[in-house]
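A.B. asks: Here it is: the structure, laid out below.
The values are calculated or read from the model by the stated rules, or taken from the named source; none is laboratory data. Predicted model, so just to flag it, every value in this text is computed and none were measured. Glycine gets a Cβ as well: all are built from the backbone with ideal geometry, and neighbour counts include every protein chain shown.
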Amino acid sequence: MDVEDNLRRLLRERPEYRDILERAVHVEDEPPNEFIRDYGWEWHNVAALPARLTKLVTEGILTIPYKSRRFTHYKLANKEIIRRVLRQPL
């Protein structure tokens, strides 16, 4: 199963992930600062619990480009696929 199929299945089973991903696309399209643009965003930038973001990482939908003891930053693995799936009815 590829990322697009995983994403469609996840959004059918857990529709609350749609809002998280829509906010993530928005943050990546319009990053509030250069650090977020370069290193990714944090859980509070998309109003999502870290456990939900971890689920998206394990599904291949998000990546973790920066991690330290205090911070974990995320980016969309393939923004165009995610944008396309979000536009489609499930």
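A.B. asks: Is there any pair with a first residue in the range 68-82 that is surrounded by 15 or more Cβ atoms within 10 Å (Cβ to Cβ) and a second that is small (Gly, Ala, Ser) and at pLDDT below 95 whose Cβ atoms are under 7 Å apart and which are 6 or more apart or on different chains, and what are they?
C.D. replies: 77/60
A.B. asks: Right, here's the next one. When residues of the range 28-65 are filtered for being of a type in the set (D, E, K, R), part of a loop (DSSP other than H, G, I, E, B) and either touching a strand residue (DSSP E or B) at 6+ places or on another chain (Cβ under 9 Å) or more than 21 Å from residue 10 (Cβ to Cβ) (or both), how many remain?
C.D. replies: 2
A.B. asks: Residue check, residue 54 against (1) among the polar types (S, T, N, Q); (2) free of Cβ contacts under 8 Å to residues at least 12 places away in the same chain; (3) in contact with a Gly (Cβ under 8 Å, 6 or more places away or on another chain), all met but one. Which one?
C.D. replies: Single failed check for residue 54: (3).
A.B. asks: Now a separate question. Condition check: farther than 12 Å from residue 76 by Cα and loosely packed, with under 12 Cβ neighbours inside 10 Å. Does residue 6 satisfy that?
C.D. replies: Taking the combined requirement at face value, the residue does not satisfy it.
A.B. asks: Test residue 64 against the stated conditions and say whether it is under 21 Å from residue 4 (Cβ atoms), modelled with pLDDT of 95 or more, exposed (fewer than 14 other Cβ atoms within 10 Å of the Cβ) and β-branched (Val, Ile, Thr).
C.D. replies: For residue 64, the condition - under 21 Å from residue 4 (Cβ atoms), modelled with pLDDT of 95 or more, exposed (fewer than 14 other Cβ atoms within 10 Å of the Cβ) and β-branched (Val, Ile, Thr) - is met.
A.B. asks: Kindly provide the set of residues from the range 19-51 that are touching a residue at least 60 places away in the same chain (Cβ under 8 Å) and surrounded by fewer than 15 Cβ atoms within 10 Å (Cβ to Cβ), ordered by number.
C.D. replies: Answer for the range 19-51, where residues must be touching a residue at least 60 places away in the same chain (Cβ under 8 Å) and surrounded by fewer than 15 Cβ atoms within 10 Å (Cβ to Cβ): just 22.
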